[in-house]
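K.L.:
So that we are looking at the same thing, I have put the structure below in structure tokens.
None of the figures in this text is laboratory data; all of them are computed from the coordinates on show. This one's a predicted model, so the numbers in the text were calculated from it and none came from an experiment. With ideal geometry, Cβ positions are generated from the backbone for all residues, glycine too; neighbour counts draw on all protein chains shown.
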Amino acid sequence: MSKIKQLLQRHRDGASNRSIARELCIYKGTVNDYVNKVAQNNLDVNELLKLDDPVLEALLSAGTPAYLDARFNVFKEQIPYLEKELRRPHVTRKLLWQEYIKEYPDGYRYTQFCFHLNQQLVARKSSAILVHNPAEKLFVDFAGDTMEYIDRLTGEVIKVWVFVACFPYSDYAFTLAVAHQSTEEFIYALSCCLRSFGGCPKLIVPDNLKAAVIKADRFEPELNKVMEDFGNHYGIVALPARVRKPKDKALVENQVKLVYQRIYAKLRNQTFFSLEELNLALQEKTMEHNQTRMQQKDYSRQEKFLADEKPLLGPLPETDFQIKYYTQLRVAPNNCIYLGRDKHYYSVPFAYISQNVQVVYTRTLVKIFSDKGIPIATHERRIGFGYTTVKDHLCSAHQFYYSRSPAFYLTAARKVSAWLAVLVEALFLKAEEPEVLYRRCDGLLSLQRKTDPVLFEKACRLAVENDILTYRFVKNVIENKATEAEKQERLPIPKHDNIRGKEFFN
């Protein structure tokens, strides 16, 4: 999904299909299919980039991946072992092939076995001279050695990891200490890095760490969704280095060594009591490192960066990146989905009950899509047990239930009977539980629908005049046909010698 957005961004910027395929590690025919589909359907690329990922996925299909020979996938896993065995005395290629073909009967014959083995061994010994263009790539990595600070409250020594990034063209560096190497911390460090540089490069070259890469692969590594969304937000393509190939980002590997010598060593005798305090010291020492004149050059890393690279960086987006989380959930009979991470329920239209829906949520929003990529609900994200519902998502019976209020019943009563409206108005002046009064009103409205209007009107009048505001009284009056009875006169208590007044109790 997100690879489609990266492809469309590069196509909009004028990149050729071949260069897009090379940068994104996609088969060129797949790139051609996407570009042709956009052109044939007269689709606006800028409008496509604004679509949410499930909508874009439903609009454009991904095509089929390139074919890979299964025998080669098995054979390349054997290369390290074969290379090691060839260094042992008396071991020949013929012997290794015999052992290989015995374990994999459908594998390469001897000629192809030797050919692929020689190709791999020769390629491993070669070393290319890499030419880096300004503002094109950003190499990132975590330093192997940790730093630490002391918690003031507990006295605990807390180890932290140091994120290191540099531009290969100018070797301009950035460092930041984070609590761990999780995806959230890695993305946070990348965001701080880009804000510090004041712009975006075209490519980010990370290591194959779990925070960025789901499945490492020499040709087409699989990025996690957060890393893809981060690249789409900043208009950057993430291109992880090959597994066990530090030469792919040799400059940042060397930058880590310089960080050890020029930052770690200088801070070795200092004690820090918070992560913020440690990062301030890292920022100061990193600035000294960037401003130091480079050997055999008459300029510093900072001067080279400001002069040649910063003007070429892409603009930063107006808003900071928010991590998107993806999940698929089933709509419960109460037409809600349960987001276990928040322990909270969010409503969807009742027509989707018992269906699977796609959920995309950030720190502030929860977006829900049908299985066809159609947006069906958006909610503000809330943490903690509870329900977030929209009235329009409910069926008519549930909407009626949640619409109940004194004003609702008073309006309904006025539409059918004047005396019923007076009765309902007097009813809600009583200090009783609302649910009890709501049920009494439901009974009166139901009774009105089944009774002659004139008879019902008289029954309600009797209930109001006698101040007996109950459903049972109105029902008994109608059933006993007592609507013609006069209002009973309240007689005073007769005087009697045996009746003691208040003076007796004084």
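K.L.:
Using the Cα centre of the chain as the reference point, and only Cβ charges (+1 on K/R, -1 on D/E), how large is the resulting charge dipole? Debye, rounded to the nearest 20.
P.N.:
1140 debye
K.L.:
With a 10 Å radius around each residue's Cβ, average the other Cβ atoms per peptide and rank 102-112, 443-453, 196-206, highest first.
P.N.:
196-206, 443-453, 102-112
K.L.:
Per residue of segment 147-159, what does 6.51 cos²θ - 1.76 cosθ + 1.60 with θ = phi - 60° give for ³J(HN,Hα)? Whole Hz please, x for Gly and Pro, Karplus curve as stated.
P.N.:
Values per residue, Gly and Pro as x: 10, 8, 9, 10, 6, 4, 7, 9, x, 6, 8, 10, 8 Hz.
K.L.:
Based on other C-beta atoms within 10 Å, arrange Ile353, Ile236, Ile20 from fewest to most.
P.N.:
Ordered by Cβ neighbours within 10 Å, fewest first: Ile353, Ile236, Ile20.
K.L.:
Skipping prolines and chain starts, which residues have an amide H placed within reach, meaning under 5 Å, of the one on Glu148, given they are 5 or more residues away or on another chain?
P.N.:
Residues meeting the amide H criterion: Val160.
K.L.:
Given charges of +1 on the Cβ of Lys and Arg and -1 on the Cβ of Asp and Glu, with all other atoms neutral, how large is the dipole of segment 70-125 about its Cα centre, in debye to the nearest 20?
P.N.:
Around 240 debye, computed over segment 70-125.
K.L.:
Between Cys25 and Asp52, what length in nm is gained on full extension when 0.36 nm per residue of separation is reduced by their alpha carbon distance?
P.N.:
That pair, Cys25 and Asp52, stretches by 7.4 nm at full extension.
K.L.:
Could I ask something else about it? With n ≥ 4 as the cut-off for DSSP H runs, can you work out [θ] at 222 nm for the chain, using -39500 (n - 2.57) per run divided by the number of residues, rounded to the nearest 500?
P.N.:
-13000 deg cm²/dmol
K.L.:
Which shape class, rounded, prolate or oblate, goes with segment 70-125 when its Cα gyration tensor gives a ≥ b ≥ c as root eigenvalues, a/c under 1.5 marks rounded, and past that a/b bigger than b/c marks prolate?
P.N.:
Oblate.
K.L.:
Which residues among segment 139-181 fall inside the zone where the amide N is under 15 Å from a point 7 Å beyond the Cα of Gln283, along Cα→Cβ?
P.N.:
Label zone hits: 174-178.
K.L.:
Give me Leu60, Leu306 sorted ascending by neighbouring Cβ count inside 10 Å, so fewest comes first.
P.N.:
So the ranking, lowest neighbour count to highest, is Leu306, Leu60.
K.L.:
So for segment 130-208, Kirkwood radius off the Cα pairs, Stokes-Einstein at 4 °C and 1.567 mPa s: how many µm² s⁻¹?
P.N.:
The diffusion coefficient I find is 95 µm²/s.
K.L.:
Okay, moving on. Taking each full run of DSSP H in the chain as one helix, which ones are at least 20 Å long along their axis (Cα atoms) and have mean Kyte-Doolittle hydropathy of at least 0.5?
P.N.:
183-197
K.L.:
Ok, one more. Tell me the label-point distance for the pair Ala250, Asn269, using the 7 Å Cα-to-Cβ offset, in nm and rounded to one decimal.
P.N.:
Label at Ala250, label at Asn269, 3.7 nm between them.
K.L.:
Also, quick follow-up: So which of Lys137/Lys297; Lys28/Lys137; Lys458/Lys481; Lys137/Lys225 end up more than 19 Å apart by C-alpha?
P.N.:
Violating the 19 Å limit, Cα to Cα: Lys137/Lys297; Lys28/Lys137; Lys137/Lys225.
K.L.:
Okay, moving on. Looking at the square roots a ≥ b ≥ c of the eigenvalues of the Cα gyration tensor of segment 325-397, which shape do they give, rounded for a/c under 1.5, prolate if a/b is larger than b/c, or oblate?
P.N.:
oblate
K.L.:
Using modelled amide H (1.01 Å from N, peptide plane; none on Pro or chain starts), what sits under 5 Å from the amide H of Gly314, excluding residues fewer than 5 places away?
P.N.:
Residues meeting the amide H criterion: Cys200.
K.L.:
So, one more: Please state the shape class of segment 131-284: rounded when a/c is under 1.5, otherwise prolate if a/b exceeds b/c and oblate if not, all from the C-alpha gyration tensor.
P.N.:
prolate
K.L.:
Ranked by Cβ crowding within 10 angstrom, fewest neighbours first, how are Val213, Val390 ordered?
P.N.:
Lowest to highest Cβ neighbour count: Val390, Val213.
K.L.:
In nanometres, what is the gap between the two model label sites at Val157 and Thr92, each 7 Å from Cα along Cα-to-Cβ?
P.N.:
Using points 7 Å along Cα→Cβ, the separation is 5.8 nm.
K.L.:
In nm, give the distance between the simple-model label positions of Ala307 and Asp106, each being 7 Å from the Cα along the Cα-to-Cβ direction.
P.N.:
With each label point 7 Å from Cα toward Cβ, the separation is 6.1 nm.
K.L.:
Right, next: Give the lysines whose C-alpha is closer than 30 Å to that of Lys84, dropping any in the same chain fewer than 8 places away, or say none.
P.N.:
In chain and number order, the partners are Lys76, Lys94, Lys102, Lys125, Lys210, Lys215, Lys245, Lys247, Lys249, Lys257.
K.L.:
On to the next question. Where nothing but the Cβ of Lys and Arg (+1) and of Asp and Glu (-1) is charged, how large is the charge dipole of segment 2-59 around its Cα centre, in debye to the nearest 20?
P.N.:
300 debye
K.L.:
Near the amide H of Leu365, under 5 Å away, which other amide H atoms are found, from residues 5 or more places off or on another chain, if H is placed in the peptide plane?
P.N.:
Distant-sequence amide H within range of Leu365: Arg381.
K.L.:
Taking only the alpha-carbon positions of segment 2-59 and ignoring solvent, what does the Debye formula give for the base-10 log of I(q)/I(0) at q = 0.25, 0.26, 0.27 Å⁻¹?
P.N.:
The Cα Debye sum returns log10 ratios of -1.08, -1.16, -1.24.
K.L.:
List, in order, the whole-Hz ³J(HN,Hα) value for each residue of segment 365-373 obtained from phi through the Karplus relation with A = 6.51, B = -1.76, C = 1.60 and θ = phi - 60°; use x for Gly and Pro.
P.N.:
Karplus-based 3J(HN,Hα) across segment 365-373 equals 10, 10, 10, 10, 10, 6, 5, 9, x Hz.
K.L.:
Further question on the same structure: Give the residue from Ile236, Leu86, Leu429 lying farthest towards the positive end of the charge dipole for the chain; charges sit on Cβ (+1 for Lys and Arg, -1 for Asp and Glu) and the dipole is referred to the Cα centre.
P.N.:
Positive-most Cα among the choices belongs to Leu86.
K.L.:
Same structure again: Per 0.36 nm of contour for each residue apart, how much would the distance between Asp371 and Gln120 grow if the chain were fully extended, relative to their Cα-Cα spacing?
P.N.:
85.9 nm
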